[in-house]
Amino acid sequence: MTEIIMFKRKDILMKKTLSIVMTLSLLLSTTLFTTATETEMLPEDSISIIENNIDVPKFTESFKESVNYTNDFNVNNTNSVSGTNGNENSDDEDYVSVFIRFDYPSLDLSALRELDVSERRKAVKDYYYTKNTELIAELGLINCTASYFAPYAEISYDSLAEYYPDRNFYVSTTEDDSISHIDVDVIEISPDTATVATSSPLYQFSQALIDVGVTNNEYDGTGIKIGVYDDGIPDANLFPTNKYHLDEELYQDVEPSTHCGFVASIAGGKYGIAKNADFYFFPYTKGIVNGFNYLIGECDVDVINMSVSNSARRYSYASAFIDYQINITGCIIVTSAGNIKPGNESSINIGAYALAVNTIAVGGSDANFNLYSGSTRISLMENILKPDLVAPGANIANSGGKTDNKGVYGTSGSAPFVTGIIAKLMHEFPNLKANPALVRAVLMAGCTHLSGQTDNIDEFAGAGLVNYENSRSIMSKNNFSSGMSYGSDPANTVIFESWFDYPLLSTMNIMITRDIPGSNVTPSGTEKDIKFQKYRIRIINYDVPGIFEQEIVFDSNVANMQLLKNVQYRSYRCRIQVIKRGSVPGDLYENVLGEDGSETISVAFTGANHVHKYTANYLPLDTLRHISCCSCGQTLQETHVFNDSGDCTKCGYHQ
């Protein structure tokens, strides 16, 4: 009988201490690893463990992806932002994460899309949290945090030594039909602020705001809730505001942080971008599942800033979990791309949090409109392009009202520029709430190129430098459209069409994004892509039927189409058509979404003028009328048109 001792953590879930019989028989006869008895210690050289990762059906260890950790992790709780000139950030938190994905039917979201955000989240929580807690109890999982919004749970250990005795228990647990997969990683999480410097030239915060198009405070984020998943609570000297909310019980053991204060002060507060937004905080030391439960489930935030990164350099179960949260709750999550660390060659590669498809991953730029040299920039996933865009992140001075003229480097500062801009846009355009694919498309289409950037999507800088006014213009002109794609849709289904007039001498830039259900992962770390539902994106000349101006296959996280300068003698009308792959003879169709899955496809564009076509959807209103919807979300009321059977030919209402 082995007693499992609970960690003393103030989680938002109920704690309980249980005793269980540890089943150590599984794999004893194999040579995959050396089994420890209760009295055996973890080998001092933990590399011997790393070289013998267990990789059996439904169970994966991925320790090889982490570097330079030992039997007991070295945790430094100092704050990097207040460090000395030029010092590398050492504020890393290492832990073993046991990520459990359960296997039971997903919730059908089609009936929930019409609910408002809060009602939808409540319905989702009622389903997943109930199922997860039941399975945790049935399986005897200890110190296990159940997700509110996804078929996931997480158990964390402070060291390999603590995890090692429970290893076989997790392997044996995978034999249960309720387990889809258990993934174990050593996670290094660190704030993405690398150095503090006084070197010249400083990038003044006021100039950085101008460079990203934030030049007025007409919309200040009023009514928008921002969550900050960071290393603690903000230092009040850096984040002076009466718009932030703390759970005293949650934070009674958390010290104020200069890093968190620096991040929050850029996004909002007295000196920041969205000055009147409400702020909620959660320390990453208490776990990502707990964090999302609290920020989304308890605080009902609209957007979360994650200026942290982890060491896994692939699309992992943590990535899939984040995607699942975004897809099902509509919460927008902004992540920092990460920083390159001297002596750590792998740190140039994007981490698992930022590789989540549905996040907005933000790299760094400098005062000369170049990519910040310390910004993590390479995605090892062949069909996931990250970062999505960049924002100021090199030698930023005088943010948060500071007057010490010390510049801060790191993508921790880049992410909150984008978070603050999103809050301002949501204040003016509420239809952006709970629409993560559209937010990403509108931001990317509004970007300006960095110095030397020639492509609309750059390998290292994504779409370029975020620009609030450009994105605002896209929204004001309704130059965007979205549509839902369901797994139950057959091949050749037209997901939506977006109509536009293409002016003379104009050049058109189109961004296409999606938010995926988070159902496909690369658990072994060897695969270099994930499966995406494939679509054909066509630009069709309305005046010349059958003529395609352009056509691409959309099989990645983002795509770009460009119509070069219109030199025809007049403007002409086109439509963007999004079709499930399979529309061409011999074109194979694969339903990646599954029968219950769904995802949103969004487009946003510049250089053309949206034309309303109220044919995207029809909603019965009463006995006389229905609501006709454009793919941009605009609506109008029309009178029913009945056939001989008494059915409206558009909305299906039966008289």
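The values are calculated or read from the model by the stated rules, or taken from the named source; none is laboratory data. Keep in mind it's a predicted model, so treat the numbers as computed, not measured. Reconstructed Cβ throughout: ideal geometry from the backbone, glycine too, with neighbour counts over all protein chains shown. Ligands, DNA and RNA are excluded from the accessible area calculation, which covers all protein heavy atoms including side chains. Shrake-Rupley method; radii C 1.70, N 1.55, O 1.52, S 1.80 Å.
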Whole-Hz ³J(HN,Hα) from phi, Karplus 6.51 cos²θ - 1.76 cosθ + 1.60, for segment 202-218, glycine and proline x: 6, 9, 5, 4, 4, 6, 4, 4, 4, 5, 9, x, 9, 10, 8, 10, 4
Applied in sequence order to segment 448-459, the curve 6.51 cos²θ - 1.76 cosθ + 1.60 (Karplus, θ = phi - 60°) yields integer Hz couplings, x standing for Gly and Pro, of 9, 6, 6, 4, x, 6, 10, 9, 5, 10, 9, 4
Between segment 307-367 and segment 265-292, what's the alpha-carbon centroid distance in Å? 17 Å
Backbone HN-Hα couplings from phi across segment 305-315 [Karplus 6.51/-1.76/1.60, Hz, Gly and Pro as x]: 9, 10, 8, 9, 9, 10, 7, 5, 10, 8, 7
Please list, ordered by chain and number, the residues whose modelled amide H lies under 5 Å from the amide H of residue 213; skip anything fewer than 5 residues away on the same chain. 468
For segment 424-506, dividing by residue count, accessible area per residue (probe 1.4 Å) in Å² works out to 33 Å²
Excluding same-chain pairs closer than 8 in sequence, count the lysine pairs in segment 199-309 whose Cα atoms lie under 17 Å apart. 5
Computed FRET efficiency, Cβ-Cβ of residue 175 and residue 300, R0 35 Å: what is it to the nearest 0.05? 0.35
Taking R0 as 30 Å, what's the FRET efficiency between residue 505 and residue 380 from their Cβ-Cβ distance, rounded to 0.05? 0.15
Which distance in nm do the two modelled labels at residue 104 and residue 252 give, with both placed 7 Å along the Cα-to-Cβ direction? 3.3 nm
Given H placed 1.01 Å from N in the peptide plane, which residues other than close sequence neighbours of residue 365 have an amide H under 5 Å from its amide H? 372, 391, 393, 394
Trypsin sites (Lys or Arg not before Pro) lying in DSSP loop within segment 236-333, provided at most 15 other Cβ fall within 10 Å: 270
Protection proxy (average C-beta count within 10 Å per residue), highest first, orders 445-452, 103-110, 258-265, 494-501 as 258-265, 494-501, 445-452, 103-110
Theoretical gain in end-to-end length, residue 550 to residue 643 [0.36 nm per residue, Cα-Cα removed]: 29.7 nm
What length, rounded to one decimal in nm, is gained on full extension from residue 469 through to residue 529, with 0.36 nm per residue of separation minus their alpha-carbon distance? 18.2 nm
Cα→Cβ-extended label distance, 7 Å offset, between residue 133 and residue 484, nm: 2.8 nm
Mean Cβ count within 10 Å, highest first, over the residues of peptides 130-141, 467-478, 600-611: 600-611, 467-478, 130-141
Neighbours of residue 640 by Cβ distance under 13 Å: Lys/Arg at +1, Asp/Glu at -1, summed charge -1
Residue 210 to residue 373: FRET efficiency via 1/(1 + (r/R0)^6), r the Cβ-Cβ distance, R0 35 Å, to the nearest 0.05? 0.95
Note: residue 56 to residue 655 extended length (0.36 nm per residue) minus current alpha-carbon separation gives 209.7 nm
